[in-house]
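The values are calculated or read from the model by the stated rules, or taken from the named source; none is laboratory data. Note that the structure is predicted; figures quoted are calculated from it, not measured. Here the Cβ positions follow ideal geometry from the backbone for every residue, glycine too, while neighbour counts run over all protein chains shown. Quick note on the areas: whole protein, heavy atoms, side chains included, nothing else; ligands and nucleic acids left out. Shrake-Rupley method; radii C 1.70, N 1.55, O 1.52, S 1.80 Å.
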Amino acid sequence: MLKIQAQSKIPTDYGLFTVYAFSENEEDWSPHLVLVMENTDFNKTVNVRFHSECITGEVFHSKKCECGQQLDAAMKYMSENGGLIIYLRQEGRNIGIINKLRAYALQERGMDTVEANLKLGLPADARNFDVAVEMLNLLNVRKINLLTNNPDKIKSIENSEIILNSRIPLEIESNEVNESYLVKKKNYFGHLLEKI
């Protein structure tokens, strides 16, 4: 059973968030996190973003994806409108950083993001968003607007007792490196991308 192991207020460039660490074990070094913007009212419709960890995009500003820009945009949105970000420790669509770098190496030889994962014997996307739903339930969030382009995230809410009020697109302009990656997200995974 997940539970809140620790919490603290974190001042950021986007405002003051309370960060909660969720895990089954208090000694877990990589817990899932929830960032709640100050003055967010859980009794109303809450703006929510499910965001999977991406060290290459968020920390090193990789151009191969739009993850870092999406996280920044989500934090900015929450600072202006209230809400929370569920930060899931599911690096590389939940294959981990080592396998992600191996997949990147295969992409350098001409494979796309899906082909590379499959070549490594891994799923195209191994993420599970049920844990995010569990975290919302633990916080007693009942009705949300979901910032996403991913239909799997939408389905995870529709299959829960949480009410999905609306979807808010979170689309980032492509660059010269990641356009084919975004096309694959749209055509293979069905992501709701209008600019691609």
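For region 1-117, what is the relative contact order in percent, using Cα pairs closer than 8 Å and at least 6 residues apart in sequence? Numbers along the way, then the final one.
On the way: 176 pairs, mean separation 25.9, N = 117.
Contact order relative to length: 22 percent.
Under 8 Å for C-alpha pairs, at least 6 residues apart: give me the relative contact order for the chain, rounded to a whole percent.
Details: 328 pairs, mean separation 38.6, N = 196.
Taking the mean separation of contacting Cα pairs over the length of the chain, I get 20 percent.
Here each label is just a point 7 Å from Cα along the line to Cβ, and for ILE4 and LYS195 those points are 3.5 nm apart. Only Cα pairs under 8 Å and 6+ residues apart enter the sum, and on that basis the relative contact order of region 51-110 stands at 37 percent. For log10 I(q)/I(0) by the Debye sum over Cα atoms at q = 0.07, 0.11 Å⁻¹, computed directly from the structure shown, the correct entry in [x] -0.24, -0.56; [y] -0.17, -0.45; [z] -0.20, -0.50 is [z]. Here the dipole of region 1-139 is about 320 debye; that uses its Cα centre as origin and unit charges on the Cβ of Lys and Arg (positive) and Asp and Glu (negative). Which one of ILE55, VAL177, LEU33 has its Cα pushed farthest toward the positive end of the charge dipole of the chain, where Lys and Arg give +1 and Asp and Glu give -1 at the Cβ? Comparing the listed Cα positions along the dipole, VAL177 ranks first.
When the C-alpha to C-alpha distance is required to be over 20 Å, the pairs from LYS3/LYS44; LYS153/LYS185; LYS63/LYS186; LYS3/LYS76; LYS155/LYS185; LYS63/LYS155 that qualify are LYS3/LYS44; LYS3/LYS76; LYS63/LYS155. Sequence-ordered 3J(HN,Hα) estimates for region 4-9 from the Karplus curve with 6.51, -1.76 and 1.60 and θ = phi - 60° stand at 6, 8, 6, 8, 6, 7 Hz, glycine and proline given as x.
Per residue, the accessible area of region 1-138 comes to 52 Å² when a 1.4 Å probe rolls over the protein heavy atoms.
Need the full-extension length gain, GLU24 to LYS64, defined as separation in residues times 0.36 nm minus the C-alpha distance. One decimal, nm.
Stretched fully, the GLU24-LYS64 segment lengthens by 11.1 nm.
Applying 0.36 nm per residue to the separation of LYS44 and VAL177 and subtracting their alpha-carbon distance, the gain on full extension is 43.9 nm. Annotation: amide H of VAL46 within the under-5 Å range of LYS143, ILE144, ASN145, sequence separation 5 or more or interchain, hydrogens built in the peptide plane.
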